[in-house]
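**Q** My questions will all concern the structure given below.
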Amino acid sequence: MNKLSTAVNIAGVEFKNPIVTASGTFGFGREFSEFFDLSQLGAVSVKGLTLKPKAGNPPPRAAETASGMLNSVGLQNPGVESFVKDELPFLRGFDVKVIANMAGTTVEEYEEMARILSDADVDMLEVNISCPNVKEGGVAFGVDEKAVYEVTSRVKAVSKKPVIIKLSPNVTDIKKIAKAAEDGGADALSLINTLLGMRIDIKTRRPILKNNTGGLSGPAVFPIAVRMVHDVYETVSLPIIGMGGVSRGEDAAELMMAGASAVAVGSAALVNPLAPIEIKRGLEKFMEDNGIKDVTELTGSAKMW
Amino acid sequence: MSKATYNAEIAAKRWHAGNIYEIIIECEPLARESQAGQFLQVACGDDTFLRRPISIHNVDGSRVSMIFEVKGRGTRYLSQLKTGDCINVLGPLGNGFDTDIEGDVLLIGGGLGVFPLYMVAKAKGKSCDAVLGYKSARDLVSHDRFSAVCREVVITTDDGSYGIQGTAVAAAHSLVVNHHYKAICACGPLPMLKAVHALACKYNIPAWISLEERMACGFGVCLACAVKSADDDVDYLHVCKHGPVFNSKEVIL
Ligand SMILES: Cc1cc2nc3c(=O)[nH]c(=O)nc-3n(C[C@H](O)[C@H](O)[C@H](O)COP(=O)(O)OP(=O)(O)OC[C@H]3O[C@@H](n4cnc5c(N)ncnc54)[C@H](O)[C@@H]3O)c2cc1C
Ligand SMILES: Cc1cc2nc3c(=O)[nH]c(=O)nc-3n(C[C@H](O)[C@H](O)[C@H](O)COP(=O)(O)O)c2cc1C
Ligand code: FES
């Protein structure tokens, strides 16, 4: 076998391969470490952190949809300090880049978390401005250009680590939002977060989710992710971590051709915990079969008609 | 790296009653690790995205059995599989019932909740009694298996068409007052579990109850399967990871 070059560089941080786990579908790595060696991944993004511990929404929090699922977990997490103390050391036992995903309700909270996490042993910060499942904050920041610029620039001002801004697909024009993040000084972008949806139980005439609405993810959203990654790739010159419905190696290749430099796997790993590894191998097989020596060749290589 | 998914062959499949089927899979590593009250996440074909949680009913040598009722798309798919077909399962998952409890144990099962108790019955044998509640005589499934291993088995039906008319917990009451049970193990619909908790509190017996909640992953990463914790310092516990079997005092039903 010819030696494949699978390493990618995201804002100065080298991932040994482009496969990342998506935030919220990976916990803090302990459970997945029982299925495979986490060092096989390029990077991991941990469950979304908030400044203080967060209980999350009442159950039911998950509903199946055609080729996907809705979730309304609502950012349940132990808080940023407990993460640094109790969870991060475990992850640091693996040779994998660690991305700390965080969400705030005010700009000051985002700043405070960026300070705390900058001093912690994480490689990158991922700023979630796109969670559809929390009332205040979250997506409220992600749908308004001015707010995106504001959060990005203020987090950047205090952060000692590269900052990834995670974009919401629940916007009219994702290009404008991406541009605002770039103007604010973002080092990289990740997209897409989940799309707002709802399911109703026709027997009870009640939404399945106790939160009524939830975020749609899984293969159902893949074509939206491909289009949005492409749009953003055309608009900004930042590296993109693409995600949304990736479930096999070919999907990863496709999202990279649309413009992603790395690819995160979310819902697919909830159904098949080995999905991240299988997707990584599938991508390598695609490279071998097609004579691609360096994975970075794929990024943005799709030619539009 | 101890957990895995398995492609397992269906060694036998049988129809029990109404919409209730049993699937027995051949899967040595799974059989070796499975404990009473644990569950599997079962892939249900291309028309479903999420796996379906189904409890382990029995382990026999290298075979693992599940009994389930057809509710929707996923369980319908399972009901249509044939001997020799393969299914992909993830597990065993969750914390099951403690079968090492010293002394007598009372099992209380309602409807589909009867099936996950069978491994406890096998383990405890003549030091356990069981009260099994069904809707009607037509729905009686697997009660004979309990009769073969337990000391005493009481059957109740809602309509009185078999055994004692009434709820399983009402029948359990008279057993509890006449025995010194060290624990109650229960599985069934939520109102039944609430009644079990009340009974257990009244007679100061620890009750271990198996809960259900909608799941995505089943192995503790997505945080979908939340249940309110009774501990003031903890908001939610997770059915797939901390359960599905809980001490009834740990959770708020
Ligand atoms: C830990 C655990 C153990 C279980 N053990 C058994 C068992 O041994 N035998 C049995 O017959 N049933 C059992 N169930 C219930 C079983 O999981 C559901 O009946 C099944 O998921 C329904 O799937 P469906 O596609 O047929 O129905 P649909 O209604 O089409 O399912 C749609 C979605 O809702 C979820 N869902 C629907 N009902 C339930 C429910 N009661 N609990 C959790 N999720 C649900 C499904 O998993 C799926 O994601 C168990 C549930 C849990 C949580
Ligand atoms: C159960 C669940 C929880 C999630 N939690 C978070 C979160 O805490 N923070 C975040 O930025 N994204 C979160 N997401 C979004 C994912 O990271 C990802 O952007 C989205 O699911 C699309 O990818 P997928 O289709 O591969 O799952 C969550 C998704 C799911 C399904
Ligand atoms: S179902 Fe995912 S944590 Fe329980």
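The values are calculated or read from the model by the stated rules, or taken from the named source; none is laboratory data. Because the structure is predicted, anything quoted here is derived from the model rather than measured. Counting neighbours? That spans all protein chains shown, and the Cβs are built from the backbone with ideal geometry, glycine included. Protein only, heavy atoms only, side chains kept; ligands, DNA and RNA dropped before computing areas. Shrake-Rupley method; radii C 1.70, N 1.55, O 1.52, S 1.80 Å.
**Q** List, in order, the whole-Hz ³J(HN,Hα) value for each residue of the stretch B:5-17 obtained from phi through the Karplus relation with A = 6.51, B = -1.76, C = 1.60 and θ = phi - 60°; use x for Gly and Pro.
**A** Going residue by residue, I get 9, 10, 8, 10, 7, 7, 7, 7, 9, 9, 8, 9, 6 Hz, with x marking Gly and Pro.
**Q** Taking H placed 1.01 Å from N in the peptide plane, check which residues at least 5 places from A:G74 or on another chain put their amide H under 5 Å from its amide H.
**A** Those lying under 5 Å, H to H, from A:G74 are A:N57.
**Q** Rolling a 1.4 angstrom probe over the protein chains, ignoring ligands and nucleic acids, what is the accessible area of B:Y6 in square angstrom, nearest 10?
**A** Counting only protein heavy atoms, the figure is 40 Å².
**Q** Exceeding 20 Å between C-alpha atoms, which entries from my cross-link table qualify? They are A:K97/A:K160; A:K16/A:K293; B:K122/B:K182; A:K85/B:K249.
**A** In this structure, A:K85/B:K249 lie more than 20 Å apart at Cα.
**Q** Could you provide, to the nearest whole Å², the per residue accessible area of the stretch A:125-240 with probe 1.4 Å?
**A** 44 Å²
**Q** For the stretch A:168-178, take each phi angle, set θ = phi - 60°, evaluate the Karplus expression 6.51 cos²θ - 1.76 cosθ + 1.60, and give the result in whole Hz per residue in order, putting x for glycine and proline.
**A** Each residue of the stretch A:168-178 in turn: 8, x, 7, 9, 6, 9, 5, 5, 5, 5, 4 Hz.
**Q** Per-residue HN-Hα couplings for the stretch A:249-256, Karplus 6.51 cos²θ - 1.76 cosθ + 1.60 at θ = phi - 60°, whole Hz, x for Gly and Pro?
**A** x, 4, 5, 4, 4, 5, 5, 5
**Q** Dipole of the stretch A:169-226, Cα-centred, from +1 at each Lys and Arg C-beta and -1 at each Asp and Glu C-beta, to the nearest 20 debye?
**A** In debye, rounded to 20, the stretch A:169-226 gives about 540.
**Q** Just by accessible area at a 1.4 angstrom probe, what is the order of A:M102, A:M198 from largest to smallest?
**A** A:M198, A:M102
**Q** Given B:L30, B:F49, B:G61, which one lies farthest toward the positive end of the charge dipole of the stretch B:4-93, if we put +1 on the Cβ of every Lys and Arg and -1 on the Cβ of every Asp and Glu?
**A** B:F49
**Q** For B:K13, which aspartates and glutamates qualify as cross-link partners when the Cα separation must be under 14 Å and same-chain residues fewer than eight apart are set aside?
**A** B:E22, B:E26, B:E69, B:D85
**Q** Would you mind working out the accessible area per residue for the stretch B:4-93, using a 1.4 Å probe, and quoting it in Å²?
**A** Here the residues of the stretch B:4-93 average 42 Å² of exposed surface.
**Q** Now, a different point. Students often forget the sequence filter, so: which aspartates and glutamates lie under 14 Å Cα-Cα from A:K146 once same-chain residues fewer than 8 apart are removed?
**A** Partners found: A:D173, A:E182, A:D183.
**Q** Oh, and also: Find the sum over both chains of the accessible area lost when B and A are paired, probe 1.4 Å, and report it in Å² to the nearest 100.
**A** By this definition, chains B and A bury close to 2600 Å².
**Q** B:T156's amide H: which non-local residues (gap 5+, or another chain) put their own amide H closer than 5 Å, with H modeled 1.01 Å from N in plane and none for Pro or chain starts?
**A** Those lying under 5 Å, H to H, from B:T156 are B:L132, B:G133, B:Y134, B:I164.
**Q** Here's a follow-up. Compare the peptides B:19-28, A:7-16 by average per-residue count of other Cβ atoms within 10 angstrom and give them in order, highest first.
**A** So the order, starting with the most tightly packed, is B:19-28, A:7-16.
**Q** Taking the Cα centre of the protein assembly as shown as origin and charging only Cβ (+1 Lys, Arg; -1 Asp, Glu), how large is the dipole, in debye to the nearest 20?
**A** On the way: 58 positive and 64 negative charges, 222 e Å.
So the magnitude is around 1060 debye.
**Q** Roughly to the nearest percent, how much of the accessible area of the protein assembly as shown is carbon and sulfur, given a 1.4 Å probe?
**A** On the protein assembly as shown, the fraction of accessible area on carbon and sulfur atoms equals 49 percent.
**Q** Right, next: Leaving out same-chain residues fewer than 8 places away, which lysines sit with a Cα under 16 Å from that of A:K210?
**A** Partners within reach: A:K135, B:K228.
**Q** Over the whole of A:29-36, what's the average partner chain Cβ count within 10 Å per residue? Rounded to a whole number, please.
**A** 4
**Q** Another question about this same structure. Hey, got the average number of other protein chain Cβ atoms within 10 angstrom for residues in A:51-62?
**A** Working: counts 0, 0, 3, 1, 6, 5, 3, 4, 11, 6, 10, 11.
Partner Cβ neighbours, averaged per residue: 5.
**Q** Within 10 Å of each Cβ in peptide A:12-25, how many partner chain Cβ atoms are there on average? Round it to a whole number, please.
**A** Mean inter-chain Cβ contacts per residue within 10 Å come to 1.
**Q** How large is Rg/Rh for the stretch B:4-93, to two decimals, with Cα atoms and a Kirkwood Rh?
**A** Rg divided by Rh gives 0.92.
**Q** Describe numerically, in nm with one decimal, the distance between label points set 7 Å from Cα along Cα→Cβ at B:A137 and at B:W15.
**A** 2.1 nm
**Q** Can you give me the Rg/Rh ratio for the protein assembly as shown, using Cα atoms for both radii and the Kirkwood formula for Rh?
**A** Details: Rg = 25.2 Å, Rh = 24.8 Å.
Ratio of gyration radius to Kirkwood radius: 1.02.
**Q** As I understand it, the dipole of the protein assembly as shown uses +1 on the Cβ of Lys and Arg and -1 on the Cβ of Asp and Glu, about the Cα centre. Which of B:L253, A:L270, A:V148 lies farthest toward its positive end?
**A** Sorting the options by dipole projection puts first B:L253.
**Q** Quick check: with the 1.4 Å probe, what order do A:R154, B:R51 take by accessible area, largest first? Could you put the intermediate results ahead of the total?
**A** Values: A:R154 70, B:R51 15 Å².
Descending order: A:R154, B:R51.
**Q** Using R₀ = 45 Å, calculate the FRET efficiency as 1/(1 + (r/R₀)^6) where r is the Cβ-Cβ separation of A:K293 and A:K203; round to 0.05.
**A** Once rounded, the FRET efficiency stands at 0.20.
**Q** Show me the ranking of peptides B:240-251, A:236-247 by mean Cβ neighbours inside 10 Å, starting with the highest.
**A** Working: B:240-251: 21.1, A:236-247: 25.2.
With the highest mean Cβ count within 10 Å placed first, the list reads A:236-247, B:240-251.
**Q** Under a 1.4 angstrom probe, counting protein chains only, how are B:W15, B:W208, A:W305 ranked by accessible area, largest first?
**A** The ordering from most to least exposed comes out as A:W305, B:W15, B:W208.
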